[in-house]
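Here the structure is laid out as structure tokens; the discussion comes afterwards.
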Amino acid sequence: MLNPIPDQLLLSVLAVPLWLLWAAFSVALIVEITALARGVELHVPLLGPLQAMAAGLLGSMAIAVLPIDLRAVSTPIQSAAVPVAATQVVGFATVADGAPYEPRERVHVVKPRDSLWKIAGRRLGSGLKWRTIWKLNADRRQVDGQVFTDPDVLQPGWRLRLPGAHRSRPSVQVEKPPAREPSPPAPARTARPAEQAPSVTQVIVTIDVPSGGVVALSAVAGMCVAQALARFHRRRRRVPPSAAEGGTATPEPDMPPVIEASRRAYNQSFREQDQAPPSEAELIRVASSIEVPGDIVIGVHEDGSPVRLSLAGMSLGLAGPGALDVVRGILLDLLHQAGDFRVEVLTCVTDAARLLGVEESRAHALARAVPGLTVLESMGAVLDRFEQIRFTRRRMLAEREAGHVEELRQRDPGEALPVVILVVTPEDDMDTRLGTLLESRCGMGALLLGDWPAATCQVAADHSVPAAHGQDGRPLTGANLVHLPAGDLADALRVLGEAQPDAYEQETAVPPVGTVAEWGHPTPVWVRVMGQPAVLVKGHEQPLRIRGLKLSLLVYLALHPRGATKEVISEALWPGKPPGHEFHSLLRHLRDALETATGLTGESFVVAMDNETYRVDAERIGFDLWEFQREVKAVRAVTDTASRITALDRAARLCVGELGSGLSEEWILEERYPLTLAQVDVLTQLAELCDDHERSLELLDQARRLDPDTEEIWCRIMRLHQRLGHFDQARHTGQLLLAHLRTLHAEPTSATAELLAAVLGRRTR
């Protein structure tokens with residue numbers, strides 16, 4: 001037993017795990033080769049480290065085998081919110097062999113419990129890059145036939161495209177473009193005729209429009225998206241003619257010249273790249289970006305390169321004969337990005353009328369139709385709103401220990417933190433107050449219509465910048481800036497307004513003020529949630545068209561007068577989904593709709609308390625449900641019959657239907673029947689105390705419609721008809737009760753059966 005272990009036996013024992021390790025590595029190598037050939041990612045349990053070694057080995061072999069072109073230049077490609085054929089890069093890009101860059105597609109197969117955040121963290125190095133994966137795969141049909149429409153919902157087995165590494169690139173040379181020569185206005189600006197440089201791709205930064213204006217290519221793309229959305233919303237509400245009317249061929253309404261020119265130039269930019277222009281469906285799909293812009297293109301330098309203006313912390317004045325036109329061109333680029341609360345422009349009604357070339361009343365109407373444009377009555381109100389936003393954001397930064405708003409957006413992409421731009425004419429001593437409000441970390445900036453101490457550009461009549469001073473102004477010296485006449489800006493904003501989902505409803509939903517009866521509610525907004533929900537606003541004859549989730553949010557808050565947390569509300573409105581940007585976007589849309597309808601600017605309507613609880617501002621919004629509950633409480637408090645009848649009568653006027661008729665969410669179903677019973681009790685008690693028998697019949701019939709399953713209500717109606725000598729009506733009521741019970745496969749109770757026998761048999765006898 002004490003003999004030493006033979007060397008051969010020891011080697012054999014040690015060789016077993018080595019052979020197992022070699023076999024595992026061989027399996028990992030085969031898996032990686034298969035994954036590389038298919039362009040997918042495959043994970044085998046227990047082979048993680050060995051798969052990494054195999055992947056590294058295959059990568060080293062590829063580098064050793066493939067030729068390397070040391071002249072290759074790697075050019076980063078920036079994603080855009082809308083498809084743009086020409087990239088905004090300085091100079092010309094000459095491709096040696098004429099072959100386009102072809103990215104190799106990488107695919108990730110979704111596994112159980114995967115999320116875009118987890119996938120981005122594993123495959124792209126950071127969970128914050130989940131939006132990149134979402135943009136590549138949004139609205140794509142998956143292998144099981146479902147369409148990927150919600151970034152929070154993934155199904156195992158789905159194949160998601162990932163950003164791919166480019167194949168070996170051809171040699172790229174960048175040369176400085178020659179000086180521009182005067183040429184007649186054209187849809188797209190060109191610095192060199194195509195026949196002189198067939199292998200050179202011109203970089204398009206701005207385009208000309210028929211009126212003589214010049215707009216940035218990004219604004220052009222935005223106007224094309226707005227045109228597509230306007231057509232979509234107009235078509236989806238079209239009612240086909242009846243057979244008696246016959247077929248009609250209604251042409252599309254003419255678009256303003258600035259929109260038509262933009263569309264032609266935008267499509268031409270794709271054709272010049274031998275690409276098909278995006279369809280209207282593709283334009284509509286990319287209109288839901290939630291990324292806040294960091295800068296915009298406002299012109300071109302003398303060498304043809306784009307002039308970019310940072311928005312956060314901007315403090316720039318524009319003076320001179322061409323200043324107003326330049327501000328209009330910048331406004332167009334800002335406002336087309338304002339959807340989903342990415343940009344907010346604050347101005348006063350006087351400056352809005354100057355920029356749009358319309359009367360102040362018309363400026364208000366245009367502003368209400370365009371998201372992101374807030375027009376207030378006075379300069380003081382504008383500065384107060386600007387200061388309020390800054391105070392709120394500074395508090396949020398302090399509470400969440402963040403350095404700037406971009407950090408907050410990364411932590412919670414749904415937080416409504418648009419870049420806020422102030423556009424006003426500077427007044428005396430305004431620089432002292434405004435200078436303390438402009439902070440880049442709060443995502444706020446100012447564009448002033450006149451000389452400004454911090455930075456000013458003098459804009460000539462031809463919209464060039466001969467002189468400028470200040471940090472934001474000096475880089476613009478010598479540039480040619482974008483510009484638009486007032487009519488073009490007003491036309492473009494009108495199309496942006498038509499691109500909103502509720503634009504066509506608001507045209508008929510908001511009649512002129514002064515055509516309504518005296519307002520009889522204690523708050524400017526009154527929401528009816530008993531029966532068919534409706535939102536009534538002081539000064540409007542018809543209910544405000546608030547529907548869908550906005551209406552559901554109001555009904556939910558009516559049931560929770562003390563408030564509810566964001567998580568609880570999100571779970572009710574979006575069951576099974578974690579709280580995201582949808583809640584903040586919905587809340588902001590609701591606030592904007594109420595603010596526009598009431599004219600109460602700066603009001604929250606739905607307020608957030610310190611503990612992240614949201615509740616309705618009871619001084620601004622009232623509910624019939626709350627009034628009904630108060631009246632029922634008053635009924636219980638009185639003892640004499642006359643006072644009881646008075647209180648019951650006030651409560652009965654509010655008994656118009658079940659809670660949230662038409663809504664079918666789970667949370668409302670739980671609250672609906674108890675409220676129905678409370679209404680039935682009010683109506684039956686008032687019918688019992690009422691001396692007017694006809695009124696009693698009306699009240700009982702109203703209670704029957706609310707709760708048709710309670711046989712006692714039917715019986716009271718039949719007895720009262722008999723007492724009044726209405727035997728045919730009593731018999732008809734009995735037949736209706738029997739028909740209702742048959743639909744439920746139920747038989748009447750013994751007491752009801754006796755009454756039915758007497759009522760239905762009277763006519764026979």
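Just want to confirm a number: the relative contact order over the stretch 334-379, from Cα pairs under 8 angstrom separated by 6+ residues, in percent.
That works out to 48 percent.
At 1.4 Å probe size, with every protein chain present, just tell me what the per residue accessible area of the stretch 661-765 comes to in Å².
Numbers: 6100 Å² over 105 residues.
With the other protein chains kept in place, the stretch 661-765 gives 58 Å² per residue.
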Quiz item: For the stretch 365-434, what does the alpha-carbon gyration tensor say about shape, rounded, prolate or oblate, given a ≥ b ≥ c as the root eigenvalues, a/c under 1.5 as rounded, and a/b over b/c as prolate?
Solution: oblate
Quiz item: At q = 0.15 Å⁻¹, what log₁₀ I(q)/I(0) does a Debye calculation on the Cα points of the stretch 575-700 give, no solvent, two decimals?
Solution: -0.89
Practice problem: Quick one: of LYS111/LYS566; LYS111/LYS577; LYS135/LYS577; LYS566/LYS633, which pairs are farther than 26 Å apart, Cα to Cα? | Solution: LYS111/LYS566; LYS566/LYS633
Quiz item: Ignoring ligands, DNA and RNA, what accessible area per residue does the stretch 314-397 give at 1.4 Å, in Å²?
Solution: 33
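With an 8 Å cut-off on Cα pairs and a minimum separation of 6 or more residues, tell me the relative contact order of the stretch 350-486 in percent. Spell out each step's value before the answer.
Details: 143 pairs, mean separation 22.6, N = 137.
Once normalised by length, the contact order is 17 percent.
What is the percent of Cα-Cα separations in the stretch 606-765 that go past 27 Å? If you can, show how the numbers build up before the last one.
Working: 4849 of 12720 pairs.
So the pairs more than 27 Å apart make up 38 percent of the total in the stretch 606-765.
Using heavy-atom solvent-accessible surface (probe 1.4 Å) with all chains present, what is the largest-first order of ILE546, ILE33, ILE645? Spell out each step's value before the answer.
On the way: ILE546 10, ILE33 85, ILE645 55 Å².
The ordering from most to least exposed comes out as ILE33, ILE645, ILE546.
The values are calculated or read from the model by the stated rules, or taken from the named source; none is laboratory data. From a predicted model like this one, the values you see are computed outputs, not experimental measurements. Accessible surface areas use protein heavy atoms only, side chains included; no ligands, DNA or RNA. Shrake-Rupley method; radii C 1.70, N 1.55, O 1.52, S 1.80 Å.
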